[in-house]
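The values are calculated or read from the model by the stated rules, or taken from the named source; none is laboratory data. Remember, it's a predicted structure, so these values are computed and weren't measured experimentally. Positions of Cβ are generated from backbone atoms using ideal geometry, with glycine treated the same way; all protein chains shown enter the neighbour counts.
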Amino acid sequence: MSQRNDEKREHGDDDVLNFPKGLVGLPELRRWILVDMEPTLPMKWLVSLDKEGFRVPITDPGFFTETYSFEIDDGSQKIVQADDVEDIVVMIISTVKENGRLITGNLSAPLIVNVNNRKGIQCVLEGSDYGLRHEIDQARFGDACQAYAAGHPENVIGTAVDKAMSGKYDQDESTDSVEHDLEEELVDVR
């Protein structure tokens, strides 16, 4: 997969997401940036800085299911070093098939990123009911695409990926609801 010009753009240290353990099956790919898709969609490219031309589409879990919750294990918490659940953004690696008519997401291995220090990990949710190829909610995602096309991404439920790009995750601005703090180690993203 060749890199497009927007993926070769200059980026600063504040743009880099660091995954100290890499991703599942890709432990050597530790440094990533988020890049808008063309046209702009409620989905981004997660572009590797360690392997030229390698990228995967990611989006918010809210486009796949209304409720998405899981426990963050102690090892993952130590890596992301989040002081509060509001510092965490959850992103889903997606697969786009049939020219966009079929989009699936790996809900069984979400990406967890601390928006303050930009550290992340891919959590494998062993024993969960979440699937490897969960189909996106076409109506919800379609509505979000229309809002993005109209220039109003702020009206979209599930903008965690955009907040990860900006390095800001203000729970008061979000329509997502986080019901538990890290002490209870439960993240609920809607």
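Counting only residues that are of a type in the set (Lys, Arg), assigned to a loop (DSSP other than H, G, I, E, B) and at pLDDT below 95, how many does the range 1-55 have? Walk me through how you get there before you give the answer.
Kept after step one, since they are of a type in the set (Lys, Arg), are these residues of the range 1-55: 4, 8-9, 21, 30-31, 44, 51, 55.
With the extra rule that they be assigned to a loop (DSSP other than H, G, I, E, B), the set shrinks to 4, 9, 21, 30, 51.
Of the ones still in play, those that are also at pLDDT below 95 are 4, 9.
Number satisfying all stated conditions: 2.
Give the number of residues within the range 121-141 that are among the small types (Gly, Ala, Ser) and surrounded by fewer than 13 Cβ atoms within 10 Å (Cβ to Cβ). I'd like the intermediate steps shown before the answer.
Here is the first cut: in the range 121-141, the ones among the small types (Gly, Ala, Ser) are 127-128, 131, 139.
Now narrow it down to the ones that are surrounded by fewer than 13 Cβ atoms within 10 Å (Cβ to Cβ): 127, 139.
Count: 2.
Across the range 65-82, what is the total count of residues that are touching a helix residue (DSSP H, G or I) at 6+ places or on another chain (Cβ under 9 Å) and among the hydrophobic types (A, V, I, L, M, F, W, C)?
Matching residues across the range 65-82 total 3.
Residues are listed down the side, and each one gets a yes or a no for (1) out of contact with any helix residue (DSSP H, G or I) (no Cβ under 8 Å at 6 or more places or on another chain); (2) farther than 30 Å from Arg30 by Cβ; (3) part of a loop (DSSP other than H, G, I, E, B); (4) of a type outside the set (D, E, K, R):
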| site | (1), (2), (3), (4) |
| --- | --- |
| Ala109 | yes, no, yes, yes |
| Leu125 | yes, no, yes, yes |
| Gly131 | yes, no, yes, yes |
| Asp143 | yes, yes, no, no |
| Gln146 | yes, yes, no, yes |
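Could you tell me whether Val85 is touching a helix residue (DSSP H, G or I) at 6+ places or on another chain (Cβ under 7 Å), surrounded by 19 or more Cβ atoms within 10 Å (Cβ to Cβ) and at pLDDT below 90?
On the way: touching a helix residue (DSSP H, G or I) at 6+ places or on another chain (Cβ under 7 Å): yes; surrounded by 19 or more Cβ atoms within 10 Å (Cβ to Cβ): yes; at pLDDT below 90: yes.
For Val85, the condition - touching a helix residue (DSSP H, G or I) at 6+ places or on another chain (Cβ under 7 Å), surrounded by 19 or more Cβ atoms within 10 Å (Cβ to Cβ) and at pLDDT below 90 - is met.
Quick one: is Thr104 surrounded by 18 or more Cβ atoms within 10 Å (Cβ to Cβ), of a type in the set (Val, Ile, Thr) and modelled with pLDDT under 80? Can you show your working first?
On the way: surrounded by 18 or more Cβ atoms within 10 Å (Cβ to Cβ): yes; of a type in the set (Val, Ile, Thr): yes; modelled with pLDDT under 80: no.
No, not satisfied.
Among Pro110, Pro57, Pro61, which is the only one that is touching a residue at least 24 places away in the same chain (Cβ under 8 Å), crowded, with 17+ Cβ neighbours inside 10 Å and in contact with a Cys (Cβ under 7 Å, 6 or more places away or on another chain)? Let's see the steps before the verdict.
Values: Pro57 fails: in contact with a Cys (Cβ under 7 Å, 6 or more places away or on another chain); Pro61 fails: in contact with a Cys (Cβ under 7 Å, 6 or more places away or on another chain).
Just one listed residue meets the conditions, Pro110.
So that you can scan it fast, the table gives a plain yes or no per residue for (1) in contact with a Phe, Trp or Tyr (Cβ under 9 Å, 6 or more places away or on another chain); (2) of a type in the set (Val, Ile, Thr); (3) modelled with pLDDT under 90:
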position	(1), (2), (3)
Ser108	yes, no, no
Leu111	yes, no, no
Val124	no, yes, no
His134	yes, no, no
Ala149	no, no, yes
Thr159	no, yes, yes
Gly167	no, no, yes
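State all residues of the range 61-89 that are within 22 Å of Gly22 (Cα to Cα) and in a strand (DSSP E or B); if no residue qualifies, say none.
Phe70, Glu71, Ile88, Val89
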